[in-house]
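The structure appears right after this line, and notes come after that.
The values are calculated or read from the model by the stated rules, or taken from the named source; none is laboratory data. Everything numeric here is computed off the predicted structure, so don't read it as measured data. Note that we place each Cβ from the backbone using ideal geometry, even for glycine, and neighbour counts take in every protein chain shown.
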Amino acid sequence: MPVMTTTAHPGAGTTLAWGRHYAVVRPDHFRIDYVINPYMFRADQPDPALAMSQWETLVATLGRLGARVDVIEQRAEAPDMVYTMNLGLALTSASGSRVALSHMRHQERRVETAPAVAWFTRAGFTPTLMGQAGVGPCFEAGDAFPFGGDLVVGVGPRTEEQALEWLAREFEVVVRGLRIRHPGMYHLDLAFCPLGAGTALVCPAAFDERSARAVLGLVPDPIVLSEQEALTFCANAVVVGRTIVMPVCPDRVRHEIESRGFVVELVDVSEFHKGGGSVRCLTNPLDILIGRDVAPVAGGAVLLP
Ligand code: ARG
């Protein structure tokens with residue numbers, strides 16, 4: 001690690017407390033049955049054996065880095081269920097563990113809710129639903145991350161504004177909304193990745209102007225990605241301590257990451273890019289704590305630029 005690191009980036013290498021326990025869905029039924037994002041083409045199907053071996057490498061990598069990984073069985077009628085990140089937002093506080101189930105924007109993915117409820121319940125999370133079957137606000141958990149003591153939530157392509165109020169009240173936290181406008185970055189996790197307490201990968205081009213300014217204001221030492229860099233899926237990464245598990249990493253981005261004391265580990269999940277998701281989408285963090293990673297605030301609050 002270069003000696004200059006800490007001088008150039010105050011807070012460099014400060015690791016996240018969460019990100020050591022994940023749920024993943026085994027891709028036994030992964031295919032492209034419908035088109036709900038710009039990456040999906042029914043004529044471009046994933047190779048099942050290659051997808052499985054890429055997924056196994058990802059799971060083994062997370063395990064080797066010291067993360068606990070719980071495997072969920074995939075339902076045959078739910079091809080996108082492999083994008084585990086979108087099943088729900090699991091948060092634990094002094095009053096117990098809860099999961100805000102996603103209320104998927106697209107009807108095609110709503111079959112994932114029942115198996116998600118069953119799995120999270122068995123895992124000890126009390127499920128809560130802000131909407132179901134098209135009634136109530138849409139929310140997809142790939143739009144939500146803890147950062148800086150708040151919950152940062154993308155709205156627009158998938159999550160609806162009314163979901164912010166619901167999350168703030170339900171969990172009694174501050175929700176900072178960001179308006180996503182890029183059709184290729186339909187979830188926050190394609191444009192924003194917390195790396196440490198003070199740093200994150202951020203692609204301002206994913207957001208409208210005010211939200212682009214807002215997200216840069218939230219992160220003391222951002223690694224700013226160009227649109228072209230973000231569209232490689234490099235921000236769709238998982239962070240285990242000092243290691244950033246990424247599907248690909250442009251050289252410039254790698255240099256920025258390493259200069260902050262982090263290490264890049266590449267895992268090729270190209271088959272899953274055909275469904276429009278990558279490393280982050282394939283995982284769901286189960287160890288986010290209110291009181292440690294997100295500050296409790298009586299009644300909650302919403303900030304939306
Ligand atoms: N085909 C899935 C969809 O469009 C991809 C989900 C990607 N997941 C993510 N967390 N960004 O919903």
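Is it the case that residue 82 is out of contact with any Ser or Thr (no Cβ under 9 Å at 6 or more places or on another chain), over 16 Å from residue 285 (Cα atoms) and within 11 Å of the ligand (Cβ to nearest atom)?
no
Away from the ligand (no atom under 14 Å from the Cβ), surrounded by fewer than 21 Cβ atoms within 10 Å (Cβ to Cβ), at pLDDT 95 or above and under 20 Å from residue 16 (Cα atoms) - does that describe any residue in segment 167-174?
Yes, segment 167-174 contains at least one residue that is away from the ligand (no atom under 14 Å from the Cβ), surrounded by fewer than 21 Cβ atoms within 10 Å (Cβ to Cβ), at pLDDT 95 or above and under 20 Å from residue 16 (Cα atoms).
What are the residues in segment 259-268 that are assigned to a loop (DSSP other than H, G, I, E, B) and closer than 15 Å to residue 237 by Cα, if any?
262, 267, 268
From the list 271, 256, which residue is within 14 Å of the ligand (Cβ to nearest atom) and in a helix (DSSP H, G or I)?
Answer to the check: 271.
So which residues in segment 87-117 are within 15 Å of the ligand (Cβ to nearest atom), polar (S, T, N, Q) and surrounded by fewer than 24 Cβ atoms within 10 Å (Cβ to Cβ), if there are any at all?
Hits for segment 87-117 are 107, 113.
Only one of (1) under 14 Å from residue 110 (Cα atoms); (2) in a loop (DSSP other than H, G, I, E, B); (3) within 15 Å of the ligand (Cβ to nearest atom) is not met by residue 76, so which one is it?
If we test residue 76 against (1) under 14 Å from residue 110 (Cα atoms); (2) in a loop (DSSP other than H, G, I, E, B); (3) within 15 Å of the ligand (Cβ to nearest atom), just (3) comes out false.
Looking for whichever is away from the ligand (no atom under 16 Å from the Cβ) and over 13 Å from the mean Cα position of the chain (by Cα) here; the options are 197, 163, 206. Which one fits?
It is 197.
Of everything in segment 43-73, what is among the aliphatic types (A, V, I, L, M), buried (at least 18 other Cβ atoms within 10 Å of the Cβ) and either in a loop (DSSP other than H, G, I, E, B) or touching a residue at least 60 places away in the same chain (Cβ under 8 Å) (or both)? Give them in sequence order.
Listed by number, the residues that qualify are 51, 58, 62, 65, 67.
To keep it simple, each residue is scored yes or no on (1) farther than 19 Å from residue 187 by Cβ; (2) under 19 Å from the mean Cα position of the chain (by Cα); (3) not basic (Lys, Arg).
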site: 34; (1), (2), (3): no, no, yes
site: 50; (1), (2), (3): yes, no, yes
site: 61; (1), (2), (3): yes, yes, yes
site: 86; (1), (2), (3): no, yes, yes
site: 112; (1), (2), (3): no, yes, yes
site: 116; (1), (2), (3): no, yes, yes
site: 125; (1), (2), (3): yes, yes, yes
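Looking at segment 21-42 only, could you name the residues that are hydrophobic (A, V, I, L, M, F, W, C), touching a residue at least 12 places away in the same chain (Cβ under 8 Å) and out of contact with any strand residue (DSSP E or B) (no Cβ under 8 Å at 6 or more places or on another chain)?
Scanning segment 21-42 gives 30, 32, 36, 40, 41.
Could you check segment 141-165 and list, in sequence order, the residues that are over 16 Å from residue 105 (Cα atoms) and either among the acidic types (Asp, Glu) or not in a loop (DSSP other than H, G, I, E, B) (or both)?
145, 146, 147, 149, 150, 151, 152, 165
With the requirement that a residue be surrounded by fewer than 24 Cβ atoms within 10 Å (Cβ to Cβ), away from the ligand (no atom under 13 Å from the Cβ) and among the hydrophobic types (A, V, I, L, M, F, W, C), what does segment 133-151 give you?
133, 135, 147
Can you confirm whether segment 258-276 contains a residue that is over 17 Å from residue 65 (Cβ atoms), out of contact with any Pro (no Cβ under 8 Å at 6 or more places or on another chain) and of a type outside the set (Lys, Arg)?
no
Mind counting the residues in segment 274-305 that are among the aliphatic types (A, V, I, L, M), part of a loop (DSSP other than H, G, I, E, B) and either touching a strand residue (DSSP E or B) at 6+ places or on another chain (Cβ under 9 Å) or under 19 Å from residue 197 (Cβ atoms) (or both)?
Result for segment 274-305: 7.
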